[in-house]
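The values are calculated or read from the model by the stated rules, or taken from the named source; none is laboratory data. No experiment lies behind these values; they were computed from the predicted model shown. Glycine gets a Cβ as well: all are built from the backbone with ideal geometry, and neighbour counts include every protein chain shown.
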């Protein structure tokens, strides 16, 4: 099962379960705590919410079209991901956005908010949505939207980032919501977005840098190729002498994010690499080390 998932999606069963849990939590939290208070998410989903509200007023309907509109808006971005990022990343994103579309369409939105206080809904919704997204990202999945734009621009422009792209897009969505539906809605939506971002940053393994040292008896050619081509990272490799049996040992040192380390560890296990692996968590990194979403 793990080998099939890895071959097609570059996932393992643990990654798939984390992704499913994250997108379910995300979608349920949106419909139970965000939508009943007429708040808006940032990014493409926020734009989909605005389009949904416009469609409901035109059609005089209470049907929730947010999930479907969000999927339609993501289609050109998914094509961009397929041609510019990687096929496996695109397929993981299609699965995530597809499940998100179904859940946003079928999970009932309460007529009245579950909690009377708007601020309480903002906090609960922001925390739950942030946790859900963090699980998705930690599984090397993506909810689409500005994630894809950010990754593509980062590949072309080193100074660009997913965060900067999301910030610009969010500013546009929140400004439109403020103009159409009032300043209070805009302020609560911005506050919800901030809490969501803080929750992601606390849990998202992309933000935790670690160092790893691999010891192997044979030259780690396959491992170095994986690090270079799949993780898009560099590594330093040198020869040493094992003190116990005085045999030649190859030592590989690299710095990467925690979820990139999980990907590397899965690769080592799935390909039966005969290595000894040591890691050091929470490494402080200065310089041009890039924090990014995995492909």
Worksheet entry | Any chance residue 227 is closer than 25 Å to residue 89 by Cβ, at pLDDT 85 or above and part of a strand (DSSP E or B) | no
Fill in: Selection from region 74-95 of residues that are in contact with a helix residue (DSSP H, G or I) (Cβ under 7 Å, 6 or more places away or on another chain), surrounded by fewer than 22 Cβ atoms within 10 Å (Cβ to Cβ), assigned to a helix (DSSP H, G or I) and touching a residue at least 60 places away in the same chain (Cβ under 8 Å)
77, 78, 80, 84, 88, 91
Discussion item. Suppose we keep only residues that are surrounded by fewer than 20 Cβ atoms within 10 Å (Cβ to Cβ) and modelled with pLDDT of 80 or more within region 251-267. Which one would you say is nearest to residue 280 (Cα to Cα)?
Written reply: 255
Item to complete: Could you list, in sequence order, all residues of region 7-41 that are outside any helix (DSSP H, G or I), modelled with pLDDT of 85 or more and crowded, with 23+ Cβ neighbours inside 10 Å?
Response: 39, 40, 41
Worksheet item: Out of region 230-245, which residues are in a loop (DSSP other than H, G, I, E, B), farther than 18 Å from residue 262 by Cα and in contact with a strand residue (DSSP E or B) (Cβ under 7 Å, 6 or more places away or on another chain)?
Response: 242
Discussion item. Filter region 177-194 down to the residues that are touching a helix residue (DSSP H, G or I) at 6+ places or on another chain (Cβ under 6 Å) and either over 17 Å from residue 126 (Cα atoms) or surrounded by fewer than 18 Cβ atoms within 10 Å (Cβ to Cβ) (or both) and list them by number.
Written reply: 177, 178, 191
Worksheet entry | Scan of region 54-73 for residues that are in contact (Cβ under 8 Å) with a residue 12 or more places away in the chain and more than 20 Å from residue 152 (Cα to Cα), ordered by number | 55, 64, 65, 66, 67, 68, 69
Practice prompt. Looking at (1) crowded, with 21+ Cβ neighbours inside 10 Å; (2) modelled with pLDDT of 90 or more, find the lone condition where residue 142 falls short.
Written response: (2)
Worksheet entry | All positions within region 44-73 that are buried (at least 20 other Cβ atoms within 10 Å of the Cβ) and more than 18 Å from residue 99 (Cα to Cα) | 47, 52
